[in-house]
Amino acid sequence: MKKTGFIALIVSLMCCLPAQAQLGNLINKGKNVVNKAKEVKEKVDEEIKKSNGDVDFYYMNDHRGFYRSKKRQIIFDDLHKEGDRTGKNVIYTIEKNGDVTFDDGRKVGEVLDGGVVNCHRTAPYLILADNGNVMMDGEAIGHIDNQGNVTMEGAAIGKAPGIDKQVAALIYFGILFDKQGIATVRAKVKEELLRAEQERIKAEEARKKAAATASANQTKSNQTNANKSSNKKDTSTPKVQEWTIEKNGNRGFVDANGVVYNWAHKKIGQLPKGNGDIKDGFGSTIGRISSGDIYNSSGTKVATVSSGGSIAVPGSTATVAEVRGGGRIDRMKDSKTLGYCDVRPYEWAVAIIFCDFFKF
């Protein structure tokens with residue numbers, strides 16, 4: 001009886017296998033249909049957005065809505081929580097005469113000529129200047145650049161690429177925030193920037209202290225060695241002066257002959273004394289220095305260094321970076337320190353740190 005039952009069980013399982021396979025195929029086909037439908041919906045939604053001229057906008061990195069340029073509507077992702085429009089998107093419309101109306105028909109603001117934006121029962125509430133500055137009560141409270149980047153106190157708060165700047169000013173400084181909200185955000189941004197600057201100064205002081213300690217230890221070591229060998233006749237070749245390189249958290253050296261070394265003191269390049277070729281560790285030419293101009297291996301100018309250490313790039317007369325005290329090279333637009341190399345001429349420091357000819 002036991003053997004007969006076991007055989008019956010095996011036969012039963014074998015009969016079930018084709019049905020299970022068919023069920024798996026049906027499930028897979030169902031998934032494919034769902035995925036296909038999803039793809040079609042996404043394509044249809046994209047075409048609808050294009051036809052309506054929909055442009056997305058973000059606060060920080062969060063999607064907050066889109067501007068439907070065809071109907072001059074600002075459509076937020078936020079939904080009404082009560083009333084006749086419960087569950088529907090919050091919408092502001094900019095009428096042809098410049099009136100801004102809420103989706104319940106109320107006039108809540110104005111977008112007028114001259115960059116004027118009125119809202120919160122205040123006229124003028126803010127003015128968008130020609131240079132992209134958002135002015136409120138005679139003070140620049142924010143900025144909108146040509147790429148739609150929205151900043152406050154120099155810190156990014158949103159992105160609205162492709163949206164008219166005056167409309168963007170209404171969205172970020174008239175709808176998302178009132179005056180009190182703007183003041184709160186500005187204070188927070190200033191606090192963060194101040195904290196970042198304090199941390200930078202603290203790190204700089206720690207670096208200087210460490211460098212001073214290392215220098216003092218080296219001097220002490222040199223003096224000890226000198227005392228030990230004072231009674232011996234020195235027939236060795238005098239050591240060539242070297243300067244430390246700090247870049248991307250790594251360290252290297254460059255000596256008075258223009259030889260560039262990595263942290264292990266392995267030669268990785270050669271700089272010219274005066275005008276001449278820049279070479280890699282194998283002796284191949286990778287660039288050139290000529291009267292303050294620095295060129296890459298293709299002969300294209302990549303930087304110009306003034307006698308005072310100011311750095312410019314082709315196509316612009318503005319200073320983009322500068323060699324400062326202690327050989328620190330800072331980028332001008334954000335004061336970011338690119339590295340350190342207190343060597344002369346300045347062309348050597350710029351070729352090493354700013355132009356990055358030698359990969360540390």
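The values are calculated or read from the model by the stated rules, or taken from the named source; none is laboratory data. A quick note: this is a predicted structure, and the numbers were derived from the prediction, not measured. All Cβ positions, even for glycine, are placed from backbone atoms using ideal geometry, and neighbour counts span all protein chains on display. Areas reflect the complete protein model, heavy atoms only, side chains present, ligands, DNA and RNA absent. Shrake-Rupley method; radii C 1.70, N 1.55, O 1.52, S 1.80 Å.
Summary of values
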{"read-out": "Cα shape, the stretch 168-310, gyration tensor, a/c 1.5 rule", "value": "oblate"}
{"read-out": "5 angstrom amide H check on R328, placed H, neighbours 5+ away", "value": "C341"}
{"read-out": "Carbon/sulfur fraction of accessible area - the chain, other protein chains in place, 1.4 Å, %", "value": "53"}
{"read-out": "Per residue, in Å², the accessible surface of the chain once ligands and nucleic acids are set aside, probe 1.4 Å", "value": "63"}
{"read-out": "Neighbour net charge for Y340 - beta-carbon separation under 9 angstrom, K R +1, D E -1", "value": "+1"}
{"read-out": "Solvent-accessible ranking of H120, H80, largest area first, probe 1.4 Å", "value": "H120, H80"}
{"read-out": "Entries of K301/K333; K50/K188; K179/K208; K228/K267; K208/K333 with Cα pairs more than 32 Å apart", "value": "K50/K188; K179/K208"}
{"read-out": "For D99, net neighbour charge (Lys/Arg +1, Asp/Glu -1) across residues whose Cβ lies under 11 Å away", "value": "+2"}
{"read-out": "Inverse of mean 1/r across different Cα pairs in the stretch 42-122, Kirkwood, Å", "value": "14.0"}
{"read-out": "Tensor-based shape of the stretch 50-193 (alpha-carbon gyration tensor, a/c under 1.5 rounded, otherwise prolate or oblate)", "value": "rounded"}
{"read-out": "Helix axis angle, 179-228 relative to the chain longest principal axis, alpha carbon, degrees", "value": "30"}
{"read-out": "Label selected from [x] 50, 46, 42; [y] 53, 43, 31; [z] 97, 94, 41, the criterion being Cα extents along the principal axes in Å as computed here", "value": "[z]"}
{"read-out": "0 to 90° range, to nearest 10: angle between helix 2-52 axis and the chain longest Cα axis", "value": "80"}
